Amino acid sequence: LREVKTSSTLLLDIRPLSHFLKGHIDNSTNIDLEELHRKLDVLPKNRKIILIDHKGKLTLTTGRFLYSHGFTGVSRLDGGFNAWVKNGLPVKN
């Protein structure tokens with residue numbers, strides 16, 4: 001994930017904004033899961049989307065939701081943001 005080219009991939013953090021502002025993966029975009037259904041029109045269907053949540057649990061359902069709305073290149077960060085931090089990977093505040 002650290003080597004993903006952000007021009008072809010959208011890192012979509014679906015955590016609440018308050019959590020995102022405390023720390024997030026560099027170059028990720030935040031759309032709170034509660035707002036996602038209202039903001040589908042801002043998501044690119046021609047780019048791969050990697051979903052990021054706290055622990056990797058909500059991304060499966062979110063991915064299915066996006067797929068049902070025509071997004072085919074959806075993946076998830078296994079273990080979520082917590083796993084990212086646990087592995088000592090860089091966090092932007």
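The values are calculated or read from the model by the stated rules, or taken from the named source; none is laboratory data. Keep in mind it's a predicted model, so treat the numbers as computed, not measured. We place every Cβ from the backbone using ideal geometry, glycine too, and count neighbours over all the protein chains shown. Side chains are part of the model used for accessible areas, which takes the heavy atoms of the whole protein and leaves out ligands, DNA and RNA. Shrake-Rupley method; radii C 1.70, N 1.55, O 1.52, S 1.80 Å.
The accessible surface of the chain, taken with every protein chain in place and a 1.4 Å probe, is 50 percent carbon and sulfur.
Summing +1 for each Lys or Arg and -1 for each Asp or Glu among the other residues whose beta-carbon sits under 14 angstrom from that of residue 17 gives -2.
Take every Cα pair under 8 Å whose residues are at least 6 apart in sequence, average their separation, divide by the length of the chain, and the relative contact order is 31 percent. Sketch the reach of a paramagnetic label on residue 45 as a point 7 Å from Cα along Cα-to-Cβ, and name the residues of the stretch 69-84 whose backbone nitrogen lies under 18 Å away. Backbone N within reach: 69-75.
Residue-normalised convex hull volume from the C-alpha trace of the stretch 20-74: 89 Å³ per residue. In the chain, the DSSP-assigned H stretches of four residues or longer account for a calculated mean residue ellipticity at 222 nm of -7000 deg cm²/dmol, using -39500 (n - 2.57) per stretch and the full residue count as denominator. Taking 17 Å as the cut-off, the amide N atoms of the stretch 66-90 that come nearer than this to a point 7 Å along the Cα-to-beta-carbon line of residue 37 belong to 66-71.
Restricting attention to the stretch 1-68, lysine pairs at least eight places apart or on different chains and with alpha-carbon atoms under 17 angstrom apart total 4.
The angle separating the long axis of helix 58-68 from the principal Cα axis of greatest extent in the chain is about 20 degrees.
Between the stretch 13-36 and the stretch 44-93, the C-alpha centres lie 11 angstrom from each other.
Suppose we look only past 21 Å in the calculated P(r) of the chain. What percent of the Cα-Cα pairs does that tail hold? Tail of the P(r) past 21 Å holds 23 percent of the pairs.
Charges were assigned to the Cβ only: +1 to each Lys and Arg, -1 to each Asp and Glu. The resulting dipole of the chain about its Cα centre is roughly 160 debye.
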